[in-house]
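Working notes for the structure below.
Bear in mind that the values in this text are calculations on the coordinates, not laboratory data. Note that the structure is a prediction, hence the values are computed from the model and not measured. Cβ placement follows ideal geometry from the backbone for every residue including glycine, while neighbour counts extend to all protein chains displayed.
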Amino acid sequence: MISAHAVPASSSILSLSTCWNSHRHTEGRELAAEARELGFEWIEISHGTKISLLPGLLEAVAAGEIKVSSLHNFCPPPVEVMMDAPDVYEFTSEKAWERERAISLTKKTLAMAARFGTDRVVIHLGCAKVRSLTEKLEAMTLAGQLYSRDYCNLKLDLVAQRDKASARALDHVRAALTELLPLCEKEGVKLGIETRSHYEQIPNQREMVALLAEYADCPWVGSWHDFGHVQRQANLALVDHALYLSQTASRLLGCHVHDVLWPKKDHRAPLSTGGVALAELLPLVPAGVPLVWELSPGNRRQDVVQALALWRETFPA
């Protein structure tokens, strides 16, 4: 099918994730109206968006009140989970039932994306089965130990563990994609593999590049660059942000845009903390790629208004 609101190729679009305001609304059309009042013509329907809001959002789209740039898996969320938990089921799990549940929910998201007239879905792949060390590295960084011998040794330990766990995790990912891609083609919806905030998560930079190469001839798989997530890893000296983005730019399906209060407090309004060098990085993003503001609910409305005004001044259309 051809998506009614497939992102135009001519120019980048600015979109607002419903993760910022969905908790404050009981009616989907009111949620959409707030986004339009702020100046956003597009929204991303996030994983935490309650099922009860979806009918009103569908009505808003049908009435031309809002357009949908993307959906974030899982949408609708699993009915058996009482909180916003996009990683509750992982494609990389060692439990077959969990992988099957993740695939089943993703299929529902693909069908929902088609109903909303969008041609892209953001997905998390899961985690490598290694000891989690990112939070300890963040704590050491905050304590001024970045580049210390202990820090470097711990970081090298994490990288080595990840390398050993990579192959099995990616095998599970490939199996999931094999099951999902026929539905992607049927619905006309692409999967954007999101860059993550923790090095234990799949994919890391090397894995992302490898996956994009492996699926180079598949029009239904691409990268979704989360500026805040990648910056968090860059702050731990795990990646070079500009290099990562340049390696995946040609396969970008979209971006999550938010700022970071060094080293790890992300999902701040863009241009508010100076933690992400957006002026240097955004020129690497091709035209036509959605730029989705994925903001914590802790950002006040006035924060968003001020950030949007500064954005338009800094990056005129």
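By other beta-carbon atoms within 10 Å, ranking V159, V221 with the fewest at the front produces V159, V221. Scanning the chain for trypsin sites (Lys or Arg not before Pro) in DSSP loops with at most 10 neighbouring Cβ atoms within 10 Å leaves 132-299 as the longest stretch between them.
A cut-off of 5 Å between modelled amide H atoms, ignoring neighbours fewer than 5 places along the same chain, links S223 with I193, L252, L253.
Residues M82, M140, M112, ranked from the fewest to the most other C-beta atoms within 10 Å, line up as M82, M140, M112.
Pairwise inverse Cα distances across the chain, averaged and inverted, put the Kirkwood hydrodynamic radius at 19.8 Å. Estimated purely from DSSP H runs of n ≥ 4, each contributing -39500 (n - 2.57), the mean residue ellipticity at 222 nm for the chain is -13500 deg cm²/dmol once divided by its residues. For K190, the amide hydrogen comes within under 5 Å of the amide hydrogens of R120, V121, counting only partners 5 or more places away or on other chains and with H modelled in the peptide plane.
For the chain, the Cβ-based charge dipole about the Cα centre amounts to some 320 debye (Lys, Arg positive; Asp, Glu negative; other atoms uncharged). Counting only DSSP beta bridges whose two residues both lie in the chain, roughly 15 percent are antiparallel. Dipole of the chain computed with +1 at Lys/Arg Cβ and -1 at Asp/Glu Cβ about the Cα centre; of M140, I66, Y215, farthest Cα towards the positive end is M140. With the convex hull drawn over the C-alpha atoms of the stretch 173-317, the volume per residue is 123 Å³. One compactness figure for the stretch 22-99 is 1.24, namely its Cα radius of gyration divided by 2.2 N^0.38 Å.
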